[in-house]
Amino acid sequence: MPMAGSAPADSPVIKPPLWLLAELTYACPLQCPYCSNPMEIAGYKNELDTADWMRVLQQARKMGATQLGFSGGEPLVRRDLEQLIAEARRLGFYTNLITSGLGMDEKRISAFKEAGLDHIQVSFQASTGELNNYIAGTDSFEHKKEMARQVKKQGYPMVLCFVLHRKNEDQIRDILELAVALEADYVELATTQYYGWAYHNREQLLPTRAQLAHAEAVAKEYQEKMKGRMKIYYVIPDYFETRPKRCMDGWGSVFLTVAPDGTALPCHAARQLPGIEFPSVRDHDVAWIWNESPAFNRFRGLDWMKEPCRSCPEKEKDLGGCRCQAFMLTGDAANADPVCDKSPLHHLVTDEVERVQQLAGKKEFEAKPLVFRNMANSKRLTEAAN
């Protein structure tokens with residue numbers, strides 16, 4: 001695969017990754033039923049050690065990566081997090097900690113500041129303690145609020161993330177009022193993406209059209225109301241669109257994810273795709289993985305496309321959508337993302353949306369329990385699948 005500056009006109013040019021997402025661990029004190037971690041988390045125990053992660057950071061930075069996200073699971077579980085932040089600062093990364101806030105206190109935030117961390121994003125599950133704690137599977141709401149205040153107090157921009165779904169979409173105004181009360185600088189209203197545990201719980205999490213219409217209107221109201229004081233990001237979920245999003249800005253184009261066991265992925269959900277052997281940073285350096293590995297070249301460019309994507313005039317805009325979504329919904333990762341209404345399989349999305357619209361609100365439907373993300377459920381579901 002040609003590198004930048006050497007490619008024939010008809011070949012995709014491989015530019016260096018800009019974003020490195022370091023998934024430090026799948027361990028987490030929360031049990032969110034929309035978690036995008038693999039459902040087989042019980043099987044991933046051989047985490048990279050500190051030296052491994054140091055090497056990955058060095059190799060990615062040498063290639064030109066500039067943005068670094070520390071994620072999980074819950075990255076605060078890692079005792080070496082401060083060391084990794086310090087090394088990232090030494091290398092020149094802009095660093096972002098994506099956290100639930102559990103495992104953090106004022107002293108640790110100070111340690112992050114001293115180590116050179118640039119940015120902290122604190123996630124919430126809802127606007128009330130009752131629903132937040134139910135979704136999280138733990139009593140965390142008050143602690144999250146205190147951590148948000150401490151982040152602000154210690155000079156960080158306050159970035160809050162609320163994952164939206166049918167269970168909390170009606171709280172949108174209260175969610176934004178909570179953000180205002182906490183003096184947030186940025187608010188991400190992150191629509192649930194249906195991978196991992198969220199896909200398993202899709203029936204219980206898909207919002208209704210009425211909920212979405214209300215949420216979008218309220219989000220726009222607050223975007224105008226808080227202009228110049230707080231930036232609010234709201235994106236309509238894929239299942240309710242007629243064109244797919246340009247997933248990860250293109251396979252192997254901008255984002256490099258390294259999972260806790262060292263598996264390198266073009267996105268956090270890609271390891272589910274069959275027939276692709278994703279390389280490990282234990283066995284290969286980042287440059288080889290990014291530039292030469294068959295896995296990272298599998299869906300680069302446009303040559304892999306099948307119809308209707310291949311002849312579509314919009315193919316360079318959306319690149320066929322999400323490969324993982326195409327696989328989960330159609331069984332073939334090379335198919336058009338069925339979110340697209342040009343796909344002959346678009347009905348797989350619209351039929352599911354319509355089914356949920358008809359059932360939502362009915363007592364027996366809403367009473368169906370969520371499957372929460374934890375090791376016991378992971379083991380049970382993995383055994384059932386096998």
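What follows is calculated from the coordinates using simple rules that are stated; it is not laboratory data. In this text, all values refer to a predicted model and were calculated from it rather than measured experimentally. All Cβ positions, glycine included, derive from the backbone under ideal geometry; neighbour counts span all protein chains shown.
Can you give the charge dipole size of the chain about its Cα centre, rounded to the nearest 20 debye, using +1 on the beta carbon of Lys and Arg and -1 on the beta carbon of Asp and Glu?
Magnitude of the dipole: close to 400 debye.
Going by amide H atoms built from the backbone, whose H comes under 5 Å of the H on S280, apart from near neighbours?
A264
Which of Q121, A287, T191 sits farthest toward the positive end of the charge dipole of the chain, with +1 on the Cβ of Lys and Arg and -1 on the Cβ of Asp and Glu?
Of Q121, A287, T191, it is Q121.
Which value in deg cm²/dmol, rounded to the nearest 500, describes the helix-derived mean residue ellipticity at 222 nm for the chain, given -39,500 (n - 2.57) per DSSP H run of n ≥ 4 and division by the residue count? Spell out each step's value before the answer.
On the way: 16 runs with 142 residues, N = 386.
When only DSSP H runs of four or more count, the value is -10500 deg cm²/dmol.
Treat the range 109-212 as a sphere of radius equal to its Kirkwood radius over Cα pairs and apply Stokes-Einstein at 25 °C in a medium of 0.890 mPa s; give the translational diffusion coefficient in µm²/s, rounded to a whole number. Can you show the working numbers first?
Values: Rh = 14.6 Å.
Calculated translational D: 168 µm²/s.
Using all Cα-Cα distances in the range 162-302, what percent lands in each 10 angstrom bin from 0 up to the longest?
10, 31, 27, 22, 10, 0
Connecting C-alpha atoms closer than 10 Å in a GNM of the chain, tell me which of A287, A22, A148 has the biggest fluctuation.
So, out of A287, A22, A148, the one fluctuating most is A287.
Non-local amide H neighbours of C161 (under 5 Å, H modeled in plane, Pro and chain starts lacking H): which ones?
V122, S123, F124, E188
Pairs K144/K245; K145/K227; K220/K245; K153/K227; K113/K145; K145/K368: which are spaced more than 26 Å apart, C-alpha to C-alpha?
Those over the limit are K144/K245; K145/K368.
What would the Debye formula give as log10 I(q)/I(0) at q = 0.06 Å⁻¹ for the alpha-carbon point model of the chain, no solvent?
Normalising to I(0) and taking log10 leaves -0.23.
Taking the Cα centre of the range 87-245 as origin, work out the dipole magnitude from +1 charges on Lys and Arg Cβ and -1 charges on Asp and Glu Cβ, in debye rounded to 20.
Taking the Cα centre of the range 87-245 as origin, the dipole is about 380 debye.
Pop out the ³J(HN,Hα) list for the range 210-217 in order, Karplus 6.51 cos²θ - 1.76 cosθ + 1.60 with θ = phi - 60°, rounded to Hz; leave Gly and Pro as x.
After applying 6.51 cos²θ - 1.76 cosθ + 1.60, I find 5, 4, 5, 4, 5, 4, 5, 5 Hz.
Per residue, what volume in Å³ does the convex hull of the Cα atoms of the range 258-350 enclose?
97 Å³
Using the Karplus curve 6.51 cos²θ - 1.76 cosθ + 1.60 with θ = phi - 60°, work out ³J(HN,Hα) for each residue of the range 78-90 in order, rounded to whole Hz, and write x for Gly and Pro.
6, 6, 9, 4, 4, 4, 5, 4, 4, 5, 4, 5, 4
Rounded to the nearest whole Å³, what is the per residue volume of the convex hull around the Cα atoms of the range 201-280?
In the range 201-280, the Cα convex hull volume per residue is 171 Å³.
Would you please give the residues with an amide H less than 5 Å from that of E74, counting only those at least 5 places away or on a separate chain, with H modeled from the backbone geometry?
Here A27, C28 satisfy the definition.
Spelling out what I want: for every residue of the range 226-242, take phi, set θ = phi - 60°, compute 6.51 cos²θ - 1.76 cosθ + 1.60 (Karplus), and round to whole Hz; glycine and proline get x.
For the range 226-242, the Karplus-derived couplings read 9, 4, x, 10, 8, 8, 10, 10, 9, 10, 5, x, 3, 4, 10, 9, 10 Hz, x marking Gly and Pro.
Using the crude model of +1 on Lys and Arg Cβ and -1 on Asp and Glu Cβ, and no other charge, please compute the dipole size for the range 239-356 relative to its Cα centre, in debye to 20.
Computed charge dipole of the range 239-356: roughly 120 debye.
Mean-square fluctuation check for the chain, GNM, Cα pairs under 10 Å: which of T99, T25, T191 is largest?
Result for the chain, Cα springs under 10 Å: T191 fluctuates most.
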